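The values are calculated or read from the model by the stated rules, or taken from the named source; none is laboratory data. As the structure is a computational prediction, the values presented were derived from the model and not from experiment. Cβ placement follows ideal geometry from the backbone for every residue including glycine, while neighbour counts extend to all protein chains displayed. Side chains included, ligands, DNA and RNA excluded: accessible areas come from the protein's heavy atoms. Shrake-Rupley method; radii C 1.70, N 1.55, O 1.52, S 1.80 Å.
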Amino acid sequence: MATYLILMGAPGAGKGTQAKLLQEKLGIPQVSTGDLFRENLKNDTELGKLARSYMDKGELVPDEVTVAMVKDRLSREDCQSGAIFDGFPRTVAQADALDALLSELDGKIKVVPFINVNPDSVVQRLLKRAELEGRADDNEETIRTRMSVFQEQTSPLLNHYEARGLLVEINGEQEIEAVQTDLLSAIEDK
Ligand code: ADP
């Protein structure tokens, strides 16, 4: 049976960094909806044009658009054994859609690590990333919107997965390697 992991955490918590390290160790690919949208922006696709208006403001792209993109990604060959979700699901509706998709694929969510960081360190990290990578949505105003979107729309998912016994909290204030070690042991323990 294919196994799926969901990395949860506020913007800037380190989900992408950790997902990239995990995909090498576990041999299942990272599926980052943020990266998929950015790829579409770069290639100037219709999906990219639609996503841009939301991303630039730090708002969520509508659920049905996001879910269709994830469905397409999961149908590719490299996801046959599972995937590491980074930045998805971000709403309760997306979590429900994911459950439906996974039951079609005969897949199961193995564990949902929540990389927990203090909101102040997150803002500092994102502002630094803005300098280094120049991501269009890493400016102070958009960062503030993304943080409140996380609080309002995504954080209810923590209870949702906790209630299903899948949530494991990881201290995201540690060095990258220490976070990775904690993640790997949380995955092995499940
Ligand atoms: P962050 O560092 O804020 O977590 P991401 O790279 O994951 O950044 O996402 C960047 C933007 O892409 C989000 O602000 C949002 O507009 C859009 N996005 C990414 N994932 C989703 C999703 N699951 N649902 C809706 N919109 C999304």
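Considering only the stretch 131-145, how many residues are assigned to a helix (DSSP H, G or I) and open to solvent by less than 30 Å² (accessible area, probe 1.4 Å)?
Number satisfying all stated conditions: 2.
So which residues in the stretch 34-68 are touching a Leu at 6+ places or on another chain (Cβ under 9 Å), near the ligand (Cβ under 9 Å from one of its atoms) and either among the small types (G, A, S) or over 16 Å from R135 (Cα atoms) (or both), if there are any at all?
Hits for the stretch 34-68 are A51, V61, P62, V65, T66, V67.
Every residue in the stretch 1-24 that is open to solvent by 50 Å² or more (accessible area, probe 1.4 Å) and out of contact with any Asp or Glu (no Cβ under 8 Å at 6 or more places or on another chain), please. Break it down stepwise before answering.
Within the stretch 1-24, the first condition is being open to solvent by 50 Å² or more (accessible area, probe 1.4 Å), and the residues that meet it are 1, 3, 17, 20-21, 23-24.
Residues satisfying the conditions are T3, T17, K20, L21, Q23, E24.
Just to be sure I understand, how many residues within the stretch 8-21 are touching a helix residue (DSSP H, G or I) at 6+ places or on another chain (Cβ under 8 Å) and more than 10 Å from the ligand (Cβ to nearest atom)?
Matching residues across the stretch 8-21 total 4.
Regarding P113, is this residue outside any helix (DSSP H, G or I), within 10 Å of the ligand (Cβ to nearest atom) and either at positive phi or surrounded by 14 or more Cβ atoms within 10 Å (Cβ to Cβ) (or both)? I'd like the intermediate steps shown before the answer.
Values: outside any helix (DSSP H, G or I): yes; within 10 Å of the ligand (Cβ to nearest atom): no; either at positive phi or surrounded by 14 or more Cβ atoms within 10 Å (Cβ to Cβ) (or both): yes.
Here the answer is no, as P113 does not meet what is asked.
State all residues of the stretch 147-166 that are within 12 Å of the ligand (Cβ to nearest atom), open to solvent by 30 Å² or more (accessible area, probe 1.4 Å) and not hydrophobic (A, V, I, L, M, F, W, C); if no residue qualifies, say none. If you could, list the steps in order and put the result at the bottom.
Step one: list which residues in the stretch 147-166 are within 12 Å of the ligand (Cβ to nearest atom), which gives 147-150, 153-154, 157.
Among the residues that remain, those that are also open to solvent by 30 Å² or more (accessible area, probe 1.4 Å) are: 147-148, 153.
If the condition is that a residue be within 12 Å of the ligand (Cβ to nearest atom), open to solvent by 30 Å² or more (accessible area, probe 1.4 Å) and not hydrophobic (A, V, I, L, M, F, W, C), then S148, Q153 are the ones that fit.
If the Cβ limit is 7 Å and pairs must be 6+ apart or interchain, which residue in the stretch 86-100 that is at pLDDT below 95 pairs with which residue that is assigned to a helix (DSSP H, G or I)?
Close Cβ pairs satisfying both conditions: none exist.
In the stretch 76-103, which residues are over 20 Å from G48 (Cβ atoms) and open to solvent by 40 Å² or more (accessible area, probe 1.4 Å)? Show your work before the answer.
Here is the first cut: in the stretch 76-103, the ones over 20 Å from G48 (Cβ atoms) are 77-85, 89, 91-93, 95-103.
If the condition is that a residue be over 20 Å from G48 (Cβ atoms) and open to solvent by 40 Å² or more (accessible area, probe 1.4 Å), then E77, D78, Q80, S81, V92, A93, D96, D99, A100, S103 are the ones that fit.
For E24, all conditions in the list (1) of a type outside the set (S, T, Y); (2) away from the ligand (no atom under 15 Å from the Cβ); (3) touching a residue at least 40 places away in the same chain (Cβ under 8 Å) hold save one; what is the number of the exception?
(3)
When the stretch 104-130 is examined, which residues are found to be hydrophobic (A, V, I, L, M, F, W, C), at pLDDT 95 or above and over 15 Å from T17 (Cβ atoms)?
Just the residues of the stretch 104-130 that are hydrophobic (A, V, I, L, M, F, W, C), to begin with: 105, 109, 111-112, 114-115, 117, 122-123, 126-127, 130.
Adding the requirement that they be at pLDDT 95 or above leaves 109, 111-112, 114-115, 117.
If the condition is that a residue be hydrophobic (A, V, I, L, M, F, W, C), at pLDDT 95 or above and over 15 Å from T17 (Cβ atoms), then I109, V111, V112, F114 are the ones that fit.
Of the residues V179, V149, V111, which single one is in contact (Cβ under 8 Å) with a residue 12 or more places away in the chain, closer than 27 Å to V67 by Cα and in contact with a strand residue (DSSP E or B) (Cβ under 9 Å, 6 or more places away or on another chain)? Break it down into steps so the answer makes sense when it comes.
Values: V179 fails: closer than 27 Å to V67 by Cα; V149 fails: in contact with a strand residue (DSSP E or B) (Cβ under 9 Å, 6 or more places away or on another chain).
One residue alone meets the criteria, V111.
Which of (1) touching a strand residue (DSSP E or B) at 6+ places or on another chain (Cβ under 6 Å); (2) away from the ligand (no atom under 14 Å from the Cβ); (3) of a type outside the set (D, E, K, R) is the odd one out, the single condition A100 does not satisfy?
Evaluating A100 over (1) touching a strand residue (DSSP E or B) at 6+ places or on another chain (Cβ under 6 Å); (2) away from the ligand (no atom under 14 Å from the Cβ); (3) of a type outside the set (D, E, K, R) leaves (1) as the failure.
Step by step: first the residues of the stretch 29-47, then only those that are over 25 Å from F150 (Cβ atoms) and of a type outside the set (S, T, Y), then the one that is most open to solvent (accessible area, probe 1.4 Å). Which residue is that?
Here is the first cut: in the stretch 29-47, the ones over 25 Å from F150 (Cβ atoms) are 43-46.
In the following step, the residues that additionally are of a type outside the set (S, T, Y) were identified as 43-44, 46.
Numbers: N43: 100, D44: 93, E46: 135 Å².
The selected residue is E46.
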